[in-house]
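The next block holds one structure in the form of structure tokens; read it before the comments.
Computed from the coordinates by the stated procedures, all read-outs in this text should not be read as laboratory data. Just so you know, these numbers come straight off a predicted model, no measurement behind them. Because the Cβ atoms are built from the backbone with ideal geometry, glycine has one as well, and the counts that use them run over all protein chains shown.
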Amino acid sequence: MKNYLTNLFAASAEKLIYLKDVDISFSVPKSESHGDLSTNVAMLLTKQLKKNPRQIAEEIIKSLELDTNVITNVEIAGPGFINFHFSSEYVSQIIDNILTENEKFGKSDKYKGKTANVEFVSANPTGPLTIGHGRNAVLGDALATLLEYVGYDVEREYYFNNAGRQMRVLGDSVKLRYLEMLGETIEFPDDYYQGEYIKDIASSVIEEYGEKVKSEDAEGVFKQAAEQAIFTDIKNTLSRLGIIMKNFFNEHTLYTDKKIDGVLAAFKEKGLSYENEDAVWLKLTDMGNEQDKVIVKSTGEPTYRLPDIAYHINKFERNYDLIVDLFGSDHAATYPDVMAGCRALGYDTDKVKVMIHQFVTIMENGEIVKMSTRKANFVTIDELIDEVGADVVRYFFVMRNMNTHLNFELDLAKKQSDENPVFYLQYAHARIASILRMTEQENLKSSTEFLNLLIHPSEQRLIKKLHQFAEEILYAAENFEPNKVANYLEELAAIFHKFYTDCRILGSDKTLAEARIALAKAAQIVLRNGLTLLKVSTPERM
RNA sequence: GCGCCAGUAGCUCAAUCGGAUAGAGCAACAGCCUUCUAAGCUGUAGGUUAGUGGUUCGAGUCCACUCUGGCGUACCA
């Protein structure tokens with residue numbers, strides 16, 4: 001429909017020159033009485049033409065070569081909107097296209113041939129993934145899938161660090177538990193990892209080595225056992241959510257491959273770093289940032305900024321067209337430094353899209369639960385999936401705009417999960433499956449021969465909504481807003497349920513019934529494509 | 001103190017570059033199943049879009065200030 005109008009206006013622009021320099025866009029009005037599509041172009045031209053917008057609108061409409069079989073009415077409304085009403089015949093034919101495209105409907109090849117890297121989760125292997133990581137994992141995966149839907153070749157990547165102080169403490173924690181289990185009296189510091197999973201790992205060390213490793217360094221077998229066990233656990237959790245990473249990038253390789261040294265040398269050579277009190281500082285003030293920051297501590301150890309810069313340079317060198325980083329708001333302050341560093345070394349940071357999502361607040365018994373991996377005061381994703389299922393978990397995290405705080409009502413999610421909107425969507429899908437089973441028994445088939453019979457408002461509304469799917473996907477992908485897909489599907493499901501109530505299939509004339517079956521099938525295709533994109537299952541029965 | 005993100009119905013959230021009468025779900029109340037799934041549909045009620053000023057044809061959306069909450073502001077990651 002938009003394409004039709006775009007072409008129409010392009011033809012008119014030959015006559016009205018001023019239409020060539022203005023951005024003509026069409027939007028779906030909030031109120032149906034304002035037509036199917038509307039443009040504000042006349043109002044945008046008021047300043048330039050110094051004319052009343054309604055006058056301009058009239059001139060534009062006169063210039064349009066309208067086909068009354070397609071457009072039944074054009075009107076000027078309000079301050080100067082031009083509203084277009086499409087014919088029901090034109091609208092009903094849209095179904096044909098959806099059925100033909102089937103599982104491809106909604107995808108586009110706009111970015112075909114482009115590559116993207118999406119980095120997300122990136123939790124260090126110090127414990128199981130918590131609900132906090134869940135939001136990141138689900139959003140990141142949905143973003144990656146959206147990019148795939150519009151043509152990108154996408155790599156999902158997980159960046160981790162198994163070398164730092166956190167990991168040393170982890171190894172120590174396991175070793176202490178190990179010694180404890182072997183009967184030694186130990187003192188377990190408060191700031192060590194308190195979780196039960198540490199004991200599980202310790203007992204697996206006992207199983208494998210017995211008492212042999214008692215005098216081993218905590219950094220050795222203990223840390224390794226912990227890392228391995230935790231990573232296995234993390235990968236398993238991700239796979240329960242349908243997430244499969246292409247790459248696991250170990251920060252440590254940046255040291256062994258001398259990338260860290262290379263970056264350090266590059267900064268020095270360009271005069272972008274200096275030494276002060278035995279530490280190396282990056283001249284971020286010269287790059288437009290607030291203050292200089294330390295990149296190598298006086299101990300000789302780099303701060304996180306340095307490997308982060310080296311890591312991003314590595315990604316730049318892999319030549320992606322788009323690099324997406326997704327992390328929680330606690331990291332919001334770090335990326336401007338990292339980007340500034342990369343830019344100073346000549347890399348095109350416009351390719352990088354840094355996405356920041358706000359935190360998840362867990363509410364239990366009306367109180368906020370403070371989460372900390374260290375204190376083992378957390379709810380794991382696994383526990384949550386066990387309680388409510390992967391579909392609910394995925395949908396819950398993807399349904400909301402990432403830059404608002406997410407209140408996770410634990411009791412509500414557990415007890416009243418039936419009220420989760422995800423069931424509303426799945427129910428619509430299952431209902432259609434049921435219709436198709438039933439009509440088949442009655443020897444009715446889907447037919448596109450008499451689609452023009454679909455003139456009921458509920459039918460027309462449904463078709464128009466289905467038609468919008470492709471552009472909704474494109475919009476969601478280009479704006480990195482996966483929650484738009486969920487919002488769209490909820491609206492679609494509501495319109496379908498209304499159609500279901502208003503327009504019966506069994507009992508209608510055969511030609512009408514078969515046209516309605518075609519419409520139901522089209523609705524099922526769109527629901528399935530949307531839910532599949534979000535990796536939510538599409539049940540045939542509920 | 002400074003920076004970033006937010007504040008919309010009792011609760012959770014929408015509102016497509018600044019567009020027309022701010023919309024859904026849940027909760028509340030009143031209805032609809034002898035016919036394709038009632039996990040559904042219809043109706044009622046619920047709002048000074050945190051506040052004050054500004055920009056303009058037009059502001060929930062942009063600007064300034066104030067209030068409230070979250071996250072930062074390390075030679076932690």
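Summary of computed values
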quantity	calculated
For peptides A:157-168, A:60-71, sequence by mean Cβ density within 10 Å, most packed first	A:157-168, A:60-71
Region A:165-240: relative contact order as a whole-number percent, Cα under 8 Å and 6+ apart	42
Lys/Arg +1, Asp/Glu -1 at C-beta; region A:165-240 dipole; positive extreme among A:Val205, A:Ala226, A:Ser215	A:Ala226
Cβ-based exposure ranking for A:Tyr347, A:Tyr149, A:Tyr424, A:Tyr178, in which fewest neighbours within 10 Å come first	A:Tyr424, A:Tyr347, A:Tyr149, A:Tyr178
Rg/Rh (Cα only; Kirkwood hydrodynamic radius) as it applies to region A:98-242	1.18
Mean residue ellipticity (222 nm) of chain A, computed from DSSP H runs ≥ 4 via -39,500 (n - 2.57), nearest 500	-15000 deg cm²/dmol
Residue order, fewest to most beta carbons within 10 Å, for A:Cys342, A:Cys503	A:Cys503, A:Cys342
Region A:165-240: proportion of alpha-carbon pairs further apart than 18 angstrom, %	34
Antiparallel DSSP beta bridges within chain A, percent to nearest 5	50
Too-long pairs where the Cα-Cα distance tops 32 Å, listed order kept, from A:Lys214/A:Lys235; A:Lys47/A:Lys110; A:Lys353/A:Lys535; A:Lys351/A:Lys484	A:Lys47/A:Lys110
Degrees, to the nearest 10: A:483-502 long Cα axis against longest axis of chain A	40
Beta bridges per DSSP with both ends in region A:1-121, % antiparallel, nearest 5	90
Reachable aspartates and glutamates, given that their alpha-carbon falls under 15 Å from the alpha-carbon of A:Lys465 and they are not under 8 places away in the same chain	A:Glu32, A:Asp36, A:Asp96, A:Glu490, A:Glu491
Calculated P(r) tail over 30 Å for chain A, as whole % of Cα pairs	62
Rounded if a/c under 1.5, otherwise prolate or oblate - region A:151-304, Cα gyration tensor axes	oblate
Contact order normalised by residue count of region A:2-86, Cα under 8 Å, 6+ apart, percent	30
Within region A:410-488, trypsin sites (Lys or Arg not before Pro) in DSSP loop having at most 12 other beta-carbon neighbours inside 10 Å	A:Lys445
Global size of region A:2-86 as Cα Rg and Dmax, reported in angstrom	11.9, 35
Neighbour-limited loop hits for GluC sites (Glu not before Pro), region A:242-288 (at most 16 other Cβ within 10 Å; DSSP other than H, G, I, E, B)	A:Glu277
Principal-axis tilt of helix A:421-441 within chain A, Cα atoms, nearest 10 degrees	50
Ellipsoid equivalent to region A:242-387 - semi-axes via the Cα gyration tensor, in Å	33, 19, 16
Ranking of A:Leu8, A:Leu176, A:Leu282 by count of other Cβ atoms within 10 Å, fewest first	A:Leu8, A:Leu176, A:Leu282
For chain A: relative contact order, % (alpha-carbon pairs under 8 angstrom, 6 or more apart)	16
Cα centroid of region A:190-246 to Cα centroid of region A:34-58, whole Å	66
Estimated dipole of region A:165-240 in Debye, rounded to 20 [Cβ of Lys and Arg +1, of Asp and Glu -1, Cα centre]	300
Of A:Ser458, A:Val398, A:Ser12, farthest towards positive along the dipole that unit charges on Lys, Arg, Asp, Glu beta carbons give chain A	A:Ser12
Assigned charges on the beta-carbon of Lys, Arg, Asp, Glu; chain A dipole about Cα centre (debye)	1440
Acute angle (nearest 10 degrees) that the helix A:469-478 long axis makes with the longest principal axis of chain A, alpha-carbon atoms	40
